[in-house]
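The structure under discussion appears below in the form of structure tokens.
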Protein chains: 2
Amino acid sequence: MTAPLHEAHPSSPGRRLPDTQQGMRRRNLARVMHTVSAEGPLSRAAVASRIGLTRAAVSTLVDELIRTGLLEELGPERPGRVGRPGSALTVSGRGPAGIGAEIGVDHLAVCAVDLRGAVRARAVRHGTNRGRPPQPVLGELTALVGQVVAEAEREGLWPAGLAVAVPGLVARDARTVVRAPNLDWHDLDLGPLIPARLPLTVDNEANFGSLAELWLGEATPRDFLHVSAEIGIGGAVVVDGRLLRGTHGFAGELGHVPVRPDGPECACGGRGCLEQYAGEEAVLRAAGLPPGQDRVGLLAERAAQGDTEVRDALGEAGTALGIALTGAVNLLDPQAVVVGGALAALAPWLLPSLERELARRTAGRGCAVAVSRLGPEGPLLGAAHSVVRAVLDDPAAVAERV
Amino acid sequence: MTAPLHEAHPSSPGRRLPDTQQGMRRRNLARVMHTVSAEGPLSRAAVASRIGLTRAAVSTLVDELIRTGLLEELGPERPGRVGRPGSALTVSGRGPAGIGAEIGVDHLAVCAVDLRGAVRARAVRHGTNRGRPPQPVLGELTALVGQVVAEAEREGLWPAGLAVAVPGLVARDARTVVRAPNLDWHDLDLGPLIPARLPLTVDNEANFGSLAELWLGEATPRDFLHVSAEIGIGGAVVVDGRLLRGTHGFAGELGHVPVRPDGPECACGGRGCLEQYAGEEAVLRAAGLPPGQDRVGLLAERAAQGDTEVRDALGEAGTALGIALTGAVNLLDPQAVVVGGALAALAPWLLPSLERELARRTAGRGCAVAVSRLGPEGPLLGAAHSVVRAVLDDPAAVAERV
DNA sequence: CTATTTCGTCATGGCGCTTAACAAATTAGT
DNA sequence: ACTAATTTGTTAAGCGCCATGACGAAATAG
């Protein structure tokens, strides 16, 4: 059984482990890793002052982390200040790697990320997976994972875990795809089908996208609402730096928030759901464009050319998003709304109406709207980084695995 | 962040404490308190097995807690089991007390709750506060607090803190009332106006109500959505046993979630907000009843008598609530929706349409809807208990204050 | 009445951090 | 250039906190 990823930082309450000295040590190892990872090369003394331990204590923690290959000593810092210069520490570039994978509707992608956050290996296979049975798709994915792992190992890394982003709802066991409408997969446990010898985590691509935003975004706050859309409309809620998952793991589903309660019927049983105004299919219909491959690119292209029909359709979608987000902002009072995934490319034409609606309805206090810099890369990077974060969160667990 | 979210108490420790042995001790003291508090009289051995420490360690923890008056020894248990009987421990009934206060539109109330959760003193003053200036109201409240504190002290308790529930939005400093429309108070720091010599916390009554539900409710899950309505429509989101507060402290505001985006204009600047369909004023208008005192009681009475106009109005309100809650349930995937506050009394006529709408729009997975047992008592009890919880969460802090 | 079981305590020990002192490496001042 | 001051990293001693193991106490089982 694997420790839950990107859950609470070990020092947060709620865990039922006995609070003993081993636990203390583990948490302090984690704090050293987090500090060094977040604030670049740092001397032992700098780490000590940041986390509130003494230099002596940090020294022993660092020794252990260096022995297990999680930290590296870069050598003496260049001294601009008085006093003996410290010895700079960094997270290792030859230690564990997080393997991220993405099952997209039109592609498969895998990458390896080291502790420093650098992408060290990638592999992609283009071609639609719509309606294909799981076995061949997952077989191809496993092959790509094998390639990436081999390449990472050639660079001196060893894979610490595999995280797979899926375009659909995933149960809280982090293995079972409950419903992926665009793949036509249902209630499918991916565990036995991905025979990599690695701890496996499966999650919704919107969830991984929002985590990528949290971890890699430029000025992403710790409380935000992430909106993305690949085919349906995904969303995710991040509160205090943690992803809100919900009872069944379905939290963040914006697509079926009622926008116009008496609107057209939706497959979900409701009426006037957001997806019927801002979903890809609906927007294409309103824009008078046929379905096909890379329809987001097509929309962006036409909008950029000044196609008013397309622009109006996107404006309408933005309005609908604004209405749905008003409800969410009222409920959650987030610090920002981040528009990501495929929506990021359409932001120039969505945002004006979206922001207008949001500003009007939340009178004054409003909420900042930002566009993701990561765009469609989010889910893959988020997946890989989730493995890296798990290592930072509990380095002692990694050490046990050599 | 280390401390629970609902802990806005001034004594709450800095969030980045170094993880040292003192911290470990503090956390273990807290775990002993929580365990004894939650699972009734327990022997040291029983506590030890529950929290995963040894009997020896628990003994020293318990000794310290008894010395500081937070635990009491009841004497030997009388069990039919083999072996030496343990000595039963309970949280003290003569130690610290939580003082809770409520500023209602039509009343003021104060109570004292001991560590066992028993209400040991109360005081109420009826009479409207609508539009009254803050000073006299808070003066009366302070007098009531004085009475209750005196009575609690006669019973051998000492006040550990004061928590005040307010019908309006409260900033994250837990002291400033940003907007209380029915009192007509704005941007008011209650700190200097309540000169009780106690740590003060101020919060929205809906927030305290939801915490009461969490702590005192019969089978309340750790993830739920609380809906209450006194005049406006309050709500609160509880995730993993913690209250979600939001960036400005405004999270949970359901009243201005858009229900019909082209509906009538709202004071908030939006259109078709929930408050215009399920707010007290709107319901009264739809029911053809005049405003006045205890209008909720009137509505309940008329509905019980079979007044169809009233029943229709409540049914409409339920539908609107169902639509707004559909959005919230989609976004948060909570384990339950709990209807509380003044709405609890109207539940028989609100719930059918509310549940129908929710079930239809969330097809299948839905969400349980429950009615609060606490009803209008929630905010006051939640306020008092929030102080008690702060003591349980960090008993060492209390010990320092003798 | 003895054996067994469980509870609470005590003495001992280990682990992990702090304190204090020191050598090493740099800058500041004369 | 040389000394004083400053900062780093390490080391040894010490203390706090929990684990271990043994013990007496208090109940039940036979």
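Would you say A:VAL329 is part of a strand (DSSP E or B), modelled with pLDDT of 95 or more and within 14 Å of another protein chain (Cβ to nearest Cβ)?
Values: part of a strand (DSSP E or B): no; modelled with pLDDT of 95 or more: yes; within 14 Å of another protein chain (Cβ to nearest Cβ): yes.
Judged against the criteria, A:VAL329 is not a match.
Can you tell me which residue in the range A:30-46 is surrounded by the fewest Cβ atoms within 10 Å (Cβ to Cβ), limited to those that are under 18 Å from A:PRO79 (Cβ atoms) and in contact with a helix residue (DSSP H, G or I) (Cβ under 6 Å, 6 or more places away or on another chain)?
Among residues in the range A:30-46 that are under 18 Å from A:PRO79 (Cβ atoms) and in contact with a helix residue (DSSP H, G or I) (Cβ under 6 Å, 6 or more places away or on another chain), the one surrounded by the fewest Cβ atoms within 10 Å (Cβ to Cβ) is A:ALA45.
Give me the pairs: first residue in the range A:194-214 and surrounded by 18 or more Cβ atoms within 10 Å (Cβ to Cβ), second residue of a type in the set (Phe, Trp, Tyr), beta-carbon distance under 9 Å, and six or more apart or on different chains, which are they?
Hits for this filter: A:ASN204/A:PHE250; A:SER210/A:PHE224; A:GLU213/A:PHE224; A:LEU214/A:PHE224.
Tell me yes or no: at least one residue of the range B:92-110 is part of a strand (DSSP E or B), within 16 Å of DNA strand D (Cβ to nearest atom) and either in contact with a His (Cβ under 7 Å, 6 or more places away or on another chain) or of a type in the set (D, E, K, R) (or both). Please lay out each step first, then the result.
So in the range B:92-110, the residues part of a strand (DSSP E or B) come out as B:96-103, B:107-110.
Now restrict to residues that are within 16 Å of DNA strand D (Cβ to nearest atom): none.
No - not one qualifying residue is present in the range B:92-110.
Out of A:ASN182, A:ASN204, report the one residue that is within 14 Å of another protein chain (Cβ to nearest Cβ), out of contact with any Asp or Glu (no Cβ under 7 Å at 6 or more places or on another chain) and polar (S, T, N, Q).
A:ASN204
When only residues in the range B:271-299 that are of a type in the set (A, V, I, L, M) and in contact with an Asp or Glu (Cβ under 9 Å, 6 or more places away or on another chain) count, which is modelled with the lowest pLDDT?
For the range B:271-299, the residue satisfying everything is B:VAL296.
Could you count how many residues in the range A:146-165 are in a helix (DSSP H, G or I) and not polar (S, T, N, Q)? Can you show your working first?
First pass over the range A:146-165, keeping only residues in a helix (DSSP H, G or I): A:146-154.
Filter once more, keeping what is not polar (S, T, N, Q): A:146, A:148-154.
So the count comes out to 8.
For the range B:215-227, which residues satisfy the criterion of being within 14 Å of chain A (Cβ to nearest Cβ) and of a type outside the set (Asp, Glu)? So that I can check it myself, show each step before the final result.
Quick first cut of the range B:215-227, residues within 14 Å of chain A (Cβ to nearest Cβ) only: B:220-227.
The answer is B:THR220, B:PRO221, B:ARG222, B:PHE224, B:LEU225, B:HIS226, B:VAL227.
So, in the range B:120-145, exactly how many residues are within 21 Å of the chain's Cα centre (by Cα) and free of Cβ contacts under 8 Å to residues at least 40 places away in the same chain? Before you say what the answer is, go through the steps one by one.
Quick first cut of the range B:120-145, residues within 21 Å of the chain's Cα centre (by Cα) only: B:120-125, B:138, B:141-142, B:144-145.
Okay, now just the ones that are also free of Cβ contacts under 8 Å to residues at least 40 places away in the same chain, so B:120-125.
Adding up the residues that qualify gives 6.
Show the residue pairs meeting these rules: Cβ distance below 8 Å; 6+ apart or different chains; first residue within the range A:11-38 and part of a helix (DSSP H, G or I) and of a type in the set (Val, Ile, Thr); second residue away from DNA strand C (no atom under 14 Å from the Cβ) and at pLDDT 75 or above.
A:VAL32/A:LEU71; A:THR35/A:LEU42; A:VAL36/A:LEU42; A:VAL36/A:LEU71; A:VAL36/A:LEU89; A:VAL36/A:THR90; A:VAL36/A:VAL91
For every residue, the table says whether it meets (1) buried (at least 23 other Cβ atoms within 10 Å of the Cβ); (2) touching a residue at least 40 places away in the same chain (Cβ under 8 Å).
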| residue | (1), (2) |
| --- | --- |
| A:ARG360 | no, no |
| A:ARG365 | no, no |
| A:ALA368 | no, no |
| A:GLU377 | no, yes |
| A:LEU380 | yes, yes |
| A:VAL387 | yes, yes |
| A:ASP394 | no, yes |
| A:ALA397 | no, yes |
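Quick check on B:LEU71: is it at pLDDT 95 or above, within 11 Å of chain A (Cβ to nearest Cβ) and in contact with a Leu (Cβ under 7 Å, 6 or more places away or on another chain)?
Taking the combined requirement at face value, the residue does not satisfy it.
For the range A:99-119, which residues satisfy the criterion of being within 28 Å of A:ARG295 (Cβ to Cβ) and either without any contact (Cβ under 8 Å) to a residue 24 or more places away in the chain or of a type in the set (Val, Ile, Thr) (or both)?
Of everything in the range A:99-119, those that are within 28 Å of A:ARG295 (Cβ to Cβ) and either without any contact (Cβ under 8 Å) to a residue 24 or more places away in the chain or of a type in the set (Val, Ile, Thr) (or both) turn out to be A:ILE103, A:VAL105, A:HIS107, A:VAL110, A:VAL119.
Report, by residue number, each residue of the range B:37-59 that is within 14 Å of chain A (Cβ to nearest Cβ) and either within 9 Å of DNA strand C (Cβ to nearest atom) or touching a Cys at 6+ places or on another chain (Cβ under 6 Å) (or both).
If the condition is that a residue be within 14 Å of chain A (Cβ to nearest Cβ) and either within 9 Å of DNA strand C (Cβ to nearest atom) or touching a Cys at 6+ places or on another chain (Cβ under 6 Å) (or both), then B:VAL47, B:ALA48, B:SER49, B:THR54, B:ARG55, B:ALA56, B:ALA57, B:VAL58 are the ones that fit.
Can you say whether B:ALA196 is of a type outside the set (S, T, N, Q), in contact with a Pro (Cβ under 7 Å, 6 or more places away or on another chain) and not in a helix (DSSP H, G or I), as far as the supplied structure shows?
No.
Here is a yes/no grid of residues against (1) assigned to a loop (DSSP other than H, G, I, E, B); (2) surrounded by fewer than 24 Cβ atoms within 10 Å (Cβ to Cβ):
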{"residue": "A:PRO290", "(1), (2)": "yes, yes"}
{"residue": "A:ALA304", "(1), (2)": "no, yes"}
{"residue": "A:ALA313", "(1), (2)": "no, no"}
{"residue": "A:THR319", "(1), (2)": "no, yes"}
{"residue": "A:ILE323", "(1), (2)": "no, no"}
{"residue": "A:VAL338", "(1), (2)": "no, no"}
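Which of the residues belonging to the range B:80-106 are among the β-branched types (Val, Ile, Thr) and away from DNA strand C (no atom under 16 Å from the Cβ)?
B:ILE99, B:ILE103, B:VAL105
So the check is Cβ under 7 Å with 6+ separation or different chains; which pairs have a first residue in the range B:47-62 that's within 18 Å of B:VAL91 (Cβ to Cβ) and a second one that's near DNA strand D (Cβ under 6 Å from one of its atoms)?
What qualifies is B:ALA48/B:THR54; B:ILE51/A:PRO18; B:LEU61/B:ASN28.
Can you tell me which residues in the range A:60-79 are acidic (Asp, Glu) and either within 11 Å of DNA strand C (Cβ to nearest atom) or over 29 Å from the mean Cα position of the chain (by Cα) (or both)?
Looking only at the range A:60-79, we keep the residues that are acidic (Asp, Glu), and these are A:63-64, A:72-73, A:77.
Matches in the range A:60-79: A:ASP63, A:GLU64, A:GLU73, A:GLU77.
Can you go through B:GLY131, B:GLY104, B:GLY100, B:GLY161 and tell me which one is at pLDDT below 95 and buried (at least 22 other Cβ atoms within 10 Å of the Cβ)?
Details: B:GLY131 fails: buried (at least 22 other Cβ atoms within 10 Å of the Cβ); B:GLY100 fails: at pLDDT below 95; B:GLY161 fails: at pLDDT below 95.
Only one candidate qualifies: B:GLY104.
For residues in the range A:13-29 being surrounded by 15 or more Cβ atoms within 10 Å (Cβ to Cβ) and more than 8 Å from DNA strand D (Cβ to nearest atom), which is modelled with the lowest pLDDT?
Looking at the filtered set, the residue picked out is A:PRO13.
Could you tell me whether any residue of the range B:352-364 is of a type in the set (Asp, Glu), part of a helix (DSSP H, G or I) and more than 21 Å from the chain's Cα centre (by Cα)?
Taking the range B:352-364 as the starting set, the residues that turn out to be of a type in the set (Asp, Glu) are B:355, B:357.
After this cut, where a residue has to be part of a helix (DSSP H, G or I) as well, the list is B:355, B:357.
Applying the additional criterion that residues be more than 21 Å from the chain's Cα centre (by Cα) yields B:355, B:357.
Among the residues of the range B:352-364, at least one is of a type in the set (Asp, Glu), part of a helix (DSSP H, G or I) and more than 21 Å from the chain's Cα centre (by Cα), which makes the answer yes.
The values are calculated or read from the model by the stated rules, or taken from the named source; none is laboratory data. All values reported here derive from a predicted model rather than from experimental measurement. Ideal geometry is used to build each Cβ from the backbone, glycine not excepted, and the neighbour counts take in all protein chains shown.
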